[in-house]
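Everything on this sheet refers to the single structure shown next.
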Amino acid sequence: MNEDRPHQPSRRRVIGTLAAGAAGGVIAESQLAQSQTPPAPPTGPRKEGPAHKTEVPPGQLDDYYVFFSSGQTGEVRIYGLPSMRELMRIPVFNRDSATGWGLTNESRKILQEGVLPEYRPHLAARGGIYDNGDLHHPHPSFTDGTYDGRYLFVNDKSNTRVARIRLDVMRCDRIIQLPNQHTVHGLRVQKYPRTGYVFCNGEYRVPVPNTGAVLDEPKKYAAMFTAIDGDTMKIAWQVMVDGNLDNVDADYQGKYAFSTCYNSEEGVALPEMMAKDQDWVVIFNLPRIEEAVRKGDYKEINGVPVINGRHGSPYTRYVPVPNSPHGMNTAPDGIHAVANGKLSPTVTVFDVRLFDDLFNDKIKPRDTVVAEPHLGLGPLHTAYDGRGNAFTTLFLDSQVCKWNIDLARRAYKGEKVDPIIQKIDVHYQPGHNHSSMGQTKDADGKWLISLNKFSKDRFLNVGPLKPENDQLIDISGDRMVLVHDGPSFSEPHDATIVHRSKINPKSIWSRDDAFFADAVARAKKDGVTLESDSKVIRDGKKVRVYMTSSAPVFGLTSFEVTEGDEVTVHVTNIDDVEDLTHGFCIVNYNVQMEVAPQATASVTFVADKPGVYYYYCTWFCHAMHMEMQGRMLVSPAKAAAPK
Ligand code: RUQ
Ligand code: CUA
């Protein structure tokens, strides 16, 4: 064991360190021997120890899952916390060579169905699929105020889409594109009684409908607030608002959602958007909106009930807030919600219990504000520890500010108290932050991640394009302590930290999974049993190739098709050993897919070039993995047609 640890400190240094730290200063030989030969790390859940807090020794597991968005990369990344090791990537709006996301029939169907009919002709030349996405906000589904392990919902700002990821298999199963709306920026979910609604903010204002009849007349544009039913992934309703919509959150009572607006001026150029020093938060009254849908108080546009939520409507209230506010964050106490001032050094604290009175016109909009502490420059997002403290990122100051909500309320009433507890430098320019379980009523106040947009000098220089820096901060004590720098590729925009007890993924696929139900149905029509048959079915110019994969062989060592055939290859991984994934790639044919244990994956292409083309396994599965191969023989079209 010792030969694995060449950098072990010398015996003398160990004695010195231990002696300095020990109360009595007397170190027994047996203790010393123990310190030099640590026991083999146990497997299983991580135990709290005196070692460095982020260290998760080999063989031990992290305490939390972190779901990172990846911004313009368009995927979701799963990290373990506190180690901050990347565990997995889930392709969503991007293309992914490893898994074949965007190449397989199963993924293409999801991506194609996620395009509105009006945009399908526009994408026809690209196979009906968007190639890019801008994934900002990953939010898991709730039941009763905390995560329930069913789904993760994510937005695509760039093509106005929302995707759902199944947390049992960590794979995207549905995508929808929203009509009447231009971008989805803020995305959060209903926390109570369950999700329920997925709330989606339209950031840019456009003509509704956007047909070209209205062009350069910004006063005629509108932004839309959309509620998707997370169970069906259908749009429940939309609310047309004044101004625009940036970020959103919801209460713990299931009554209200609220969004920040940075463009109350309704401008289309920067000076216009910044003209006023106050914008607003718009509050949506969910029961009233549902009532409007029932009663028919809406206009149907592109098949969606659109409710008028502009100033003066019974469905919304607009609360003035300084100045171009950005993040919107509900506290785990179920009482407070914070709008982050961005261009104002303040955050605005609401007491959501006052919203009933506001909607009944018993109080004025600003009466719902119970604190507005001055924190520093560029407040963007706020996280919570569940003990009454809040942590706000200060973009311009490159700091995280810890402050106390109760002290802020007292200061707002005129008491001479300072709500600020501590400021810590982060590196550099933080956007989002997120605390462990902090967006649920189970906030546990242990960890905070600060997602910093710039890393500058923190890492080895990798050229003009630098990584970003996700810093881990220990918030379990009275003071914040920075414990880890985490470089990452563009752009971990936001993250959600979920305790591992909330999520329970499968280790191998179930054969009846809906993800490959289409392939199962096709096989059935062809009289093929996917789990045992390897055969070729010819149906005119269409050829369906079925084969199993079992380390280290494919069910077919070759198959023959004719130039011009439309070929669909189905591979079923009949290995049922955990982690025994196969891949299927055809050389020079733009075909590649991953087939995890007990999964079926399929891909369709035209065999348009005659010759011999090897297919091979791309996931290292066996000592004979290199030999896991076969040949596709494509005969020239002329030879196949007898004269
Ligand atoms: S917003 S950096 Cu796209 Cu998440 Cu605040
Ligand atoms: Cu199968 Cu490598």
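The values are calculated or read from the model by the stated rules, or taken from the named source; none is laboratory data. The shown structure was predicted, so the numbers you read here are calculated from the model rather than taken from an experiment. Please note: Cβ atoms are built from the backbone with ideal geometry, for glycine as well, and neighbour counts cover all protein chains shown. The area values use the complete protein model at the heavy-atom level, side chains included, leaving out ligands, DNA and RNA. Shrake-Rupley method; radii C 1.70, N 1.55, O 1.52, S 1.80 Å.
Out of 485, 444, which single residue is under 21 Å from residue 77 (Cβ atoms) and among the acidic types (Asp, Glu)? Break it down into steps so the answer makes sense when it comes.
On the way: 444 fails: under 21 Å from residue 77 (Cβ atoms).
None of the other options fit; the residue is 485.
Of 612, 587, 634, 603, which residue is hydrophobic (A, V, I, L, M, F, W, C), touching a Lys or Arg at 6+ places or on another chain (Cβ under 6 Å) and either at pLDDT 95 or above or closer than 28 Å to residue 538 by Cβ (or both)?
On the way: 587 fails: touching a Lys or Arg at 6+ places or on another chain (Cβ under 6 Å); 634 fails: touching a Lys or Arg at 6+ places or on another chain (Cβ under 6 Å); 603 fails: touching a Lys or Arg at 6+ places or on another chain (Cβ under 6 Å).
Among 612, 587, 634, 603, only 612 is hydrophobic (A, V, I, L, M, F, W, C), touching a Lys or Arg at 6+ places or on another chain (Cβ under 6 Å) and either at pLDDT 95 or above or closer than 28 Å to residue 538 by Cβ (or both).
Within segment 429-475, being in contact with a Phe, Trp or Tyr (Cβ under 8 Å, 6 or more places away or on another chain) and hydroxyl-bearing (Ser, Thr, Tyr) holds for 435, 436, 440, 455.
Of the residues making up segment 127-160, those that are among the aliphatic types (A, V, I, L, M) and either under 30 Å from residue 211 (Cβ atoms) or open to solvent by 20 Å² or more (accessible area, probe 1.4 Å) (or both) are 129, 135, 154.
Restricting to segment 56-73, give me the number of residues that are out of contact with any Pro (no Cβ under 8 Å at 6 or more places or on another chain) and not in a strand (DSSP E or B).
First, the residues of segment 56-73 that are out of contact with any Pro (no Cβ under 8 Å at 6 or more places or on another chain): 65-66, 72-73.
Checking which are not in a strand (DSSP E or B) leaves us with 72-73.
Total meeting the criteria: 2.
If you check 124, 163, which single one turns out to be open to solvent by less than 10 Å² (accessible area, probe 1.4 Å), outside any loop (DSSP other than H, G, I, E, B) and either out of contact with any helix residue (DSSP H, G or I) (no Cβ under 7 Å at 6 or more places or on another chain) or of a type in the set (A, V, I, L, M) (or both)? Even if it seems obvious, please write down each step before you answer.
On the way: 124 fails: open to solvent by less than 10 Å² (accessible area, probe 1.4 Å).
Being open to solvent by less than 10 Å² (accessible area, probe 1.4 Å), outside any loop (DSSP other than H, G, I, E, B) and either out of contact with any helix residue (DSSP H, G or I) (no Cβ under 7 Å at 6 or more places or on another chain) or of a type in the set (A, V, I, L, M) (or both) holds for just one of 124, 163, which is 163.
Which is within 16 Å of ligand 1 (Cβ to nearest atom), more than 17 Å from residue 433 (Cα to Cα) and open to solvent by less than 50 Å² (accessible area, probe 1.4 Å), of 344, 398, 313?
Values: 398 fails: more than 17 Å from residue 433 (Cα to Cα); 313 fails: within 16 Å of ligand 1 (Cβ to nearest atom).
None of the others qualify; the one that does is 344.
Do we have any residue at all in segment 358-374 that's out of contact with any Gly (no Cβ under 9 Å at 6 or more places or on another chain), within 16 Å of ligand 1 (Cβ to nearest atom) and open to solvent by less than 20 Å² (accessible area, probe 1.4 Å)? Among the residues of segment 358-374, not one is out of contact with any Gly (no Cβ under 9 Å at 6 or more places or on another chain), within 16 Å of ligand 1 (Cβ to nearest atom) and open to solvent by less than 20 Å² (accessible area, probe 1.4 Å), which makes the answer no. Do we find a residue being in contact with a Leu (Cβ under 8 Å, 6 or more places away or on another chain) and part of a loop (DSSP other than H, G, I, E, B) anywhere in segment 500-508? Yes, some residue in segment 500-508 is in contact with a Leu (Cβ under 8 Å, 6 or more places away or on another chain) and part of a loop (DSSP other than H, G, I, E, B). The set of residues in segment 588-610 being farther than 15 Å from residue 544 by Cα, open to solvent by 30 Å² or more (accessible area, probe 1.4 Å) and away from ligand 2 (no atom under 15 Å from the Cβ) consists of 588, 590, 608, 609, 610. Within segment 576-584, can one find any residue that is buried (at least 18 other Cβ atoms within 10 Å of the Cβ) and either within 16 Å of ligand 1 (Cβ to nearest atom) or over 30 Å from the mean Cα position of the chain (by Cα) (or both)? Looking through segment 576-584, none of the residues is buried (at least 18 other Cβ atoms within 10 Å of the Cβ) and either within 16 Å of ligand 1 (Cβ to nearest atom) or over 30 Å from the mean Cα position of the chain (by Cα) (or both).
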